[in-house]
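These notes concern the structure reproduced below.
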Amino acid sequence: MLIESFQNEKIKNVTKLLTDNRFRKKSKVFVVEGKQENERAEQYHYEPVEYFICENIFKGKIPAGKIHFVSEKVYEKIAYRGTSEGIIGIYQTKEVSLSSFIPKDNATVIIVEGVEKPGNLGAILRSCEAFGIDALIVADGKTDFYNPNVIRSSVGCLFGMEVYQAENEETLAFLQQNQFNIYTTLMDESAEDLYKRDFKQRSAVLFGTEHSGLSDFWMGKGKNTLIPMAGSIDSLNLSNAVAITCYESLRQKKG
């Protein structure tokens, strides 16, 4: 049966999952759009609920599971990225706790405090996955991991990463209990060069928001660290700063 009406209850449900964070959290399911993103969700054992496929657009193998075929007009309505690739999957969310994370002896963890923009979080996830970061912790986070823009901008990297959300107090206790070297990125003259930090031991690097940096909570909680720059500007875009740090961690471990 081909779904051609925008008034179909399943289509209304998908639209609400895309736009309403509270509904998404209450339903405990989320939307994945695109061929590669759906393949990654399945690869990392996310449980599919159902799929919406436009046969005129989709060129891949039809996945196993509950399939709803939709017209091009209906697909355009529920597709977050327009007419991209013709497949949308609905998956169950995963409930994870920071206490379940068992870090390796040389684990590197990235912590972002108060990140608000889904696109920024997605870009950060992409860098973390690309450079072998062991976990991303969002401290006092305001962004839903399953926001469609996080999934899109991470190109599905969310699914293969250890990702946790915790309050500052819980995050600090975890780092101390597991004997992490804590590197903060406060704007301070006492900061030491990133490239002098030792990433061959357990390390956690903390970043704050672009407009205000790390909160006062993290003052004196770690060794302050900076990325050296040769230009006149004194700061970088958050996702760029994280990417440079992730690469330095990998470089040291491969060196």
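The values are calculated or read from the model by the stated rules, or taken from the named source; none is laboratory data. The model shown is predicted, which means the values in this text are computed figures rather than measured ones. In this analysis, Cβ positions are derived from the backbone assuming ideal geometry, glycine residues included, and neighbour counts consider all displayed protein chains. Protein only, heavy atoms only, side chains kept; ligands, DNA and RNA dropped before computing areas. Shrake-Rupley method; radii C 1.70, N 1.55, O 1.52, S 1.80 Å.
How many percent of the accessible area of the chain is carbon or sulfur, using a 1.4 Å probe? Spell out each step's value before the answer.
On the way: 6150 of 12970 Å².
With neighbouring chains kept in place, the figure for the chain is 47 percent.
Taking a quarter of the surface of the convex hull around the Cα atoms of the chain, what do you get in nm²? Let's see the in-between values first.
On the way: hull surface 60.7 nm².
Computed as one quarter of the Cα hull surface, the answer is 15.2 nm².
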Measuring from its Cα centre, the chain shows a charge dipole (+1 at each Lys and Arg Cβ, -1 at each Asp and Glu Cβ) which, in debye to the nearest 20, is 660
Inter-site label distance for Arg22 and Ser99 at 7 Å from Cα along Cβ, in nm
2.9
Residue-level accessible surface for Lys142, protein heavy atoms, 1.4 Å, Å²
130
Solvent-accessible area of Ile244, probe 1.4 Å, all protein chains present, reported in Å² to the nearest ten, please.
60
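Where only protein heavy atoms count, and the probe is 1.4 Å, what is the accessible area per residue for segment 1-136 in Å²?
Values: 7110 Å² over 136 residues.
I get 52 Å² per residue for this part.
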Collect residues whose amide H, placed 1.01 Å from N in the peptide plane, falls under 5 Å from the amide H of Thr225; neighbours closer than 5 in sequence don't count.
Thr184, Thr185, Leu186, Glu192
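Taking 18 Å as the cut-off for C-alpha to C-alpha distance, list the pairs among Lys221/Lys254; Lys117/Lys142; Lys10/Lys59; Lys10/Lys94; Lys35/Lys59; Lys104/Lys221 that go past it. Let's see the in-between values first.
Values: Lys221/Lys254 28 Å; Lys117/Lys142 8 Å; Lys10/Lys59 23 Å; Lys10/Lys94 22 Å; Lys35/Lys59 9 Å; Lys104/Lys221 22 Å.
In this structure, Lys221/Lys254; Lys10/Lys59; Lys10/Lys94; Lys104/Lys221 exceed 18 Å between Cα atoms.
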quick shape note, segment 1-130: Cα extents on principal axes in Å, largest first -> 53, 31, 23
Which value, in Å² and to the nearest 10, is the accessible area of Phe69 when all protein chains are kept and the probe is 1.4 Å?
60
Any idea what the relative contact order of the chain is, in percent, if you count C-alpha pairs under 8 Å spaced at least 6 apart?
19
For segment 48-204, what is the percent of antiparallel DSSP beta bridges, rounded to the nearest 5?
25
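If Val150, Val96 are ordered by their accessible area, calculated over protein heavy atoms with a 1.4 Å probe, which sequence runs from highest to lowest? Intermediate values should be presented prior to the final figure.
Values: Val150 0, Val96 85 Å².
So the residues, ranked largest to smallest area, are Val96, Val150.
Please report, to one decimal in angstroms, the Kirkwood hydrodynamic radius of segment 142-189 built from all distinct Cα-Cα pairs.
Working: mean 1/r = 0.0750 Å⁻¹.
Radius from the Kirkwood sum: 13.3 Å.
Within segment 179-255, report the GluC sites (Glu not before Pro) that DSSP leaves as loop and that have at most 10 other Cβ atoms within 10 Å.
Values: sites: Glu189, Glu192, Glu210, Glu248; in loops: Glu189, Glu210.
Qualifying residues, ordered by number: Glu189.
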